[in-house]
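The values are calculated or read from the model by the stated rules, or taken from the named source; none is laboratory data. Since we're looking at a predicted model, the values are computed, not measured. Reconstructed Cβ throughout: ideal geometry from the backbone, glycine too, with neighbour counts over all protein chains shown. With ligands, DNA and RNA removed, areas are computed over all heavy atoms of the protein, side chains included. Shrake-Rupley method; radii C 1.70, N 1.55, O 1.52, S 1.80 Å.
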Amino acid sequence: MQKILSLGNGKLDRSILGWSITPIKSCLNCSQCKSDCYAVRPYNRWPVVKTAWDRNFELAKQGTFIEPIIDQIQRSKKVQAVRVHVAGDFFNQDYVDNWTRIIKSCPKTRFYAYTKVSHLIDLIELKNQSNMNLINSIAPDGKPNYGEQDRINYLESIGYAVCPATIKGNDTHCGGTGCTVCQTTEKVCFHIH
């Protein structure tokens, strides 16, 4: 079967695989972030990335991504976690339900995702999976969970953990023997990087 999960960026341990779909087009609630979306640059810059993410988006819309992902995870000896949506977001209920099926089929693998659509789509069953951590990218004040230091200070004051990999000068890697904040904590915030 085709491998459709990929290794992440330099901040992610090689035990974490990622799933990406077309940015902006797959995001139902991107009005606040589409002008500075971090995923648009690699999508537009690298043809191989654009091709892969567009292919994944088509597979997701058709529901034909489930078995290839389950197969890839089950065949891998090294995968400990899957980051759902390095680029993209949950775009409809069928797609959410398909991810729930994948997560249930891979109980020894951790999954985590960031979303801005928790008020638009029912994510309760997905969120209730013991091996899934869902991080709402919109804070209670209606603004994103990232920003400059003043924003981070505010988010920390209301109980958010700061992603160590986004702290300037910090050489923390995500996953493996490094940080697992995003895999285990619902309220995470990020310095703009």
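Here are the numbers for the structure shown:
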item	result
Normalised contact order of the chain, rounded percent, pairs of Cα under 8 Å and 6 or more residues apart	23
Compactness of the stretch 99-151, expressed as Rg and Dmax over alpha-carbon positions, Å	13.2, 41
Value of D in µm² per second that Stokes-Einstein yields for the chain, Kirkwood Rh from Cα pairs, at 37 °C (0.692 mPa s)	193
Cα convex hull of the stretch 45-155, projected area averaged across orientations, nm²	8.6
Candidates Trp46, Trp19, Trp99, ranked by Gaussian network fluctuation over the chain, Cα under 10 Å, top entry	Trp46
MRE, 222 nm, helices only [DSSP H, n ≥ 4, -39500 (n - 2.57), over the chain, to nearest 500]	-9000 deg cm²/dmol
Dipole in debye (nearest 20) - the chain, about Cα centre, beta carbon charges: Lys, Arg +1; Asp, Glu -1	600
Mean separation of Cα contacts under 8 Å, 6 or more apart, over the residue count of the stretch 83-193: relative contact order %	25
Scaled radius of gyration (Cα, divided by 2.2 N^0.38 Å) that the stretch 102-185 gives	1.20
Choice from Ile135, Ile66, Ile21 with maximal GNM fluctuation in the chain (Cα, 10 Å cutoff)	Ile66
Per residue, in Å², the accessible surface of the stretch 34-193 once ligands and nucleic acids are set aside, probe 1.4 Å	54
Residue range of the chain that is longest and free of trypsin sites (Lys or Arg not before Pro) which are both DSSP loop and sparsely packed (at most 14 other C-beta within 10 Å)	109-167
Vicinal HN-Hα couplings computed from phi for the stretch 139-145 (Karplus, 6.51 cos²θ - 1.76 cosθ + 1.60; Hz; Gly/Pro x)	6, x, 7, x, 10, x, 8
Choice from Glu58, Glu148, Glu156 showing the highest fluctuation, given a GNM over the chain with Cα pairs closer than 10 Å	Glu148
Candidate aspartates and glutamates for bridging to Lys50, where Cα separation is under 18 Å - those fewer than 8 sequence places away on the same chain excluded	Asp36, Glu58, Asp89
Portion, in percent, of the accessible area of the chain that falls on carbon or sulfur, probe 1.4 Å	51
Centroid-to-centroid separation of the stretch 144-170 and the stretch 118-135 [C-alpha atoms, Å]	23
